[in-house]
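These notes concern the structure reproduced below.
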Ligand SMILES: Cc1cc2nc3c(=O)[nH]c(=O)nc-3n(C[C@H](O)[C@H](O)[C@H](O)COP(=O)(O)OP(=O)(O)OC[C@H]3O[C@@H](n4cnc5c(N)ncnc54)[C@H](O)[C@@H]3O)c2cc1C
């Protein structure tokens, strides 16, 4: 699985050739890409622009999230509907409504001087080599090393003396919201209004579907992909996760409703904004990530975060932080776990440590 991303595999041209270009060159239609491929995978990657996906990802995503599930690449179960039905399970790490996740953050920040709701305005290098970190309230802190763990554009704004090469690298990553600043997954609405799902499918989807995706053509001919995440089924909280499926309350997260659709405001419980949350999977982003090694650690300044990895996921973003911490002297905390240790080594290679 890692062959194309490590060792001589890095020279594989398919690392940067877009999957879309290959697909079109082989005769695939634009409509199939827009109406089948993109909507199918947006729900997994929370990214609505998949054309820059490097071709090397093609077999990997088919292995993980098959478009054509069969007995070799997917598990099925006997149910009242059929002999080989899909099986909906609760995401175990979220079944206690994020208690485990909060525990992780508590452990990560134990015994450190944590400042919340404080924007870092700039980082400058002092003549004695120390770094001066200034926040938006004009508080300053002089430190030996700095690890940036924020979006690439924020690094560019904060680290003004980074130099031209670093600035080229910081300005290269493209995020999903660069393509869909007001649609796609940019705005999320959390609510309990089941009417957003078409009535013939509503009951079945609310009970069993992890996602509901509606693809419509707008008046101007462009395609709208509406994504509903069914959290009532995927990740319910305490007192809900162990209820029988048919008794669970409606709990949806909607994005980019199709024209003419609306959500009952009385049933909305919250909203979210995904700006800068998802770097695209693209050859340019992979090149920026690999080039980062040219400036990583220079002047005691390090970079971690999703855009410093080949993905846009929790695990790798978190691991990139461990890689930087290790580079400046921290002990790797999961040395006893062979598989975790392998991933740590792989990401260190990719990040150039
Ligand atoms: C709704 C949603 C669902 C997702 N689902 C999944 C999933 O199921 N699985 C998965 O693996 N990934 C998922 N992701 C992606 C994953 O969350 C991100 O890739 C990952 O959290 C990125 O971590 P990070 O540390 O790079 O960035 P973030 O977690 O975004 O942290 C960056 C931090 O930098 C701070 N910051 C920015 N500028 C400044 C400044 N000037 N001063 C101080 N602080 C600053 C921000 O406030 C933020 O706290 C999801 C993302 C979203 C939004």
- Keeping to segment 306-318, report how many residues are closer than 18 Å to residue 147 by Cα and touching a strand residue (DSSP E or B) at 6+ places or on another chain (Cβ under 7 Å). 2
- Item | Residue that is surrounded by the most Cβ atoms within 10 Å (Cβ to Cβ), among those in segment 111-126 that are over 28 Å from the mean Cα position of the chain (by Cα) and within 12 Å of residue 299 (Cβ to Cβ) | 125
- Item | Number of the condition not met by residue 145 [criteria: (1) surrounded by fewer than 18 Cβ atoms within 10 Å (Cβ to Cβ); (2) within 23 Å of the chain's Cα centre (by Cα)] | (2)
- Task: Would you point out which residue out of 25, 63 is exposed (fewer than 14 other Cβ atoms within 10 Å of the Cβ) and modelled with pLDDT of 90 or more?
- Result: 25
- Query: Does residue 290 satisfy the criteria of being in contact (Cβ under 8 Å) with a residue 60 or more places away in the chain, exposed (fewer than 15 other Cβ atoms within 10 Å of the Cβ), under 25 Å from residue 13 (Cα atoms) and away from the ligand (no atom under 16 Å from the Cβ)?
  - Reply: no
- Of (1) more than 16 Å from the ligand (Cβ to nearest atom); (2) in a helix (DSSP H, G or I); (3) at pLDDT 95 or above, residue 325 fails just (1)
- Is it the case that segment 263-285 has a residue that's out of contact with any helix residue (DSSP H, G or I) (no Cβ under 6 Å at 6 or more places or on another chain), part of a helix (DSSP H, G or I) and within 16 Å of the ligand (Cβ to nearest atom)? yes
- Members of segment 81-110 found to be modelled with pLDDT of 80 or more and either under 23 Å from the mean Cα position of the chain (by Cα) or surrounded by fewer than 13 Cβ atoms within 10 Å (Cβ to Cβ) (or both), listed by number: 81, 82, 83, 102, 103, 104, 105, 106, 107, 108, 109, 110
- Task: Enumerate the helices (runs of 4 or more DSSP H) found wholly within segment 93-207, keeping only those where 3 or more residues are touching a helix residue (DSSP H, G or I) at 6+ places or on another chain (Cβ under 9 Å) and within 13 Å of the ligand (Cβ to nearest atom).
- Result: 99-108, 152-158
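So that you can scan it fast, the table gives a plain yes or no per residue for (1) in the same structural domain as residue 243 (by TED's automatic domain parsing); (2) under 23 Å from residue 206 (Cβ atoms); (3) assigned to a loop (DSSP other than H, G, I, E, B); (4) under 18 Å from the mean Cα position of the chain (by Cα):
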position: 35; (1), (2), (3), (4): no, no, no, no
position: 42; (1), (2), (3), (4): no, yes, no, yes
position: 71; (1), (2), (3), (4): no, no, yes, no
position: 74; (1), (2), (3), (4): no, yes, yes, no
position: 79; (1), (2), (3), (4): no, yes, yes, no
- Message: As an exercise: evaluate residue 258 against (1) in the same structural domain as residue 192 (by TED's automatic domain parsing); (2) within 12 Å of the ligand (Cβ to nearest atom); (3) out of contact with any helix residue (DSSP H, G or I) (no Cβ under 8 Å at 6 or more places or on another chain) and give the number of the one condition it does not meet.
- Response: (2)
- Quick one: would you say residue 66 is in a loop (DSSP other than H, G, I, E, B) and in contact (Cβ under 8 Å) with a residue 12 or more places away in the chain? no
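The values are calculated or read from the model by the stated rules, or taken from the named source; none is laboratory data. This is a predicted model, so every value here is computed, not measured. Note that we place each Cβ from the backbone using ideal geometry, even for glycine, and neighbour counts take in every protein chain shown.
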